[in-house]
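So the structure is just underneath, and the comments pick up after that.
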Amino acid sequence: MSLFNGISVANVYVRNWQQARKFYAETLEWPVVYSSDEVGWEEYGFDKATHFAINRLDEKDPQPDGGHSSHMIIFHVNNVAETTAALRARGVRCDDPVHIPGVVLYGTFYDPEGNRFQFVSDET
């Protein structure tokens, strides 16, 4: 039985935050479901469907994944802490869960080649 329930979000990193927001929300007319200048995250999509998001990189931020990738798949799980523990028990490298109160609780894991993936739950 899989630990994952499906893909929650696929995202790309952007450096020009305002230009990217305008492109996805206005040019492509994708419905915004969440937006935070403070967090640097804007998410687009429809109920019960995989969402797409942009994640702001500031000039001081290093390139994600050591410069190898500018995108990420984010999976949905029932419980971030339990999933982290289960993955670690299977020998999977995981970062500690991150909680941004009222926004998101997420975990991060890596495949054997170092590709980074995240998972979220409905917990906030």
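Where a number appears in this text, it was derived from the coordinates with a stated rule and is not lab data. Quick caveat: nothing in here was measured; it's all calculated off a predicted structure. Note that we place each Cβ from the backbone using ideal geometry, even for glycine, and neighbour counts take in every protein chain shown.
Worth pointing out:
- The chain, relative contact order [Cα under 8 Å, separation at least 6], %: 25 percent
- Among 38, 26, 82, the largest mean-square fluctuation in a Gaussian network model of the chain, built with springs joining Cα atoms closer than 10 Å, belongs to 38.
- Mean residue ellipticity (222 nm) of the chain, computed from DSSP H runs ≥ 4 via -39,500 (n - 2.57), nearest 500: -3500 deg cm²/dmol
- Of all DSSP beta bridges in the chain, antiparallel share, percent nearest 5: 70 percent
- With a simple spin-label model that places each label point 7 Å from the Cα along the Cα-to-Cβ direction, the separation between residue 16 and residue 98 comes to 2.5 nm.
- Rounded to the nearest 0.05, the FRET efficiency derived from the C-beta distance between residue 26 and residue 2 at R0 = 30 Å is 0.20.
- Along region 20-31 the Karplus relation, 6.51 cos²θ - 1.76 cosθ + 1.60 evaluated at θ = phi - 60°, assigns HN-Hα couplings of 5, 4, 5, 4, 6, 7, 9, 5, 7, 6, 7, x Hz to successive residues, with x for each Gly and Pro.
- Label selected from (1) 2.21; (2) 1.74; (3) 1.08, the criterion being Cα Rg over 2.2 N^0.38 Å as computed here: (3)
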